[in-house]
Amino acid sequence: MATIIVTDREGDTHEVEGKLGLPIMETLRELEYGVEALCGGMCSCCTCHVYVESDWFAKLPDRHDDEEELLSEAEDFRPDASRLSCQVEFTDGLDGIRLTIAPEE
């Protein structure tokens, strides 16, 4: 079982099973404490915004221009941690990734 370690908006940490080959958003939006993901993964909103811990952030592919643009306009954007979970595919190499759900905007 490949896992994602999620800290919710209340500060509680949960270990959940990730869905290999799918965006991390797919796992997070099914959680009671997860993300809203209004656009369904089309990279047209920030409702799946997460902060990825620095060790893991460095292992992710770079943000595409459209993701960068959306995030840079978010109130709680962190250049060194912010990602849209719809744009990060969960793979075996990300087993154990640690992230925090960003505040709602």
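Per-residue ellipticity at 222 nm, computed for the chain from helices alone with -39500 (n - 2.57) per DSSP H run of at least four residues, works out to -3500 deg cm²/dmol. When each of the peptides 96-102, 82-88 is scored by how many other beta carbons lie within 10 Å of its residues on average, the order from highest to lowest is 82-88, 96-102.
How large is the charge dipole for the chain, taken about the Cα centre, if only the Cβ atoms of Lys, Arg (+1) and Asp, Glu (-1) carry charge, to the nearest 20 debye? Numbers along the way, then the final one.
On the way: 8 positive and 26 negative charges, 49 e Å.
Using only the charged Cβ atoms, the result is roughly 240 debye.
Within the shell of other residues whose beta carbon sits under 13 angstrom from the beta carbon of residue 25, the net charge comes to -2, with Lys and Arg scored +1 and Asp and Glu -1. Spherically averaged projected area of the convex hull of Cα atoms, region 63-105: 3.4 nm². Classification of region 31-91 by its C-alpha gyration tensor yields a rounded form. The axis ratio a/c (a ≥ b ≥ c) stays under 1.5.
Counting only DSSP beta bridges with both residues in the chain, the antiparallel share comes to about 75 percent. Here the ratio of the Cα radius of gyration of the chain to 2.2 N^0.38 Å is 0.94.
Just so you know, all these numbers are worked out from the coordinates, no wet-lab data involved. Bear in mind that the values here come from a model prediction, so they are computed numbers and not experimental data. Positions of Cβ are backbone-derived with ideal geometry, glycine not excepted, and every protein chain shown enters the neighbour counts.
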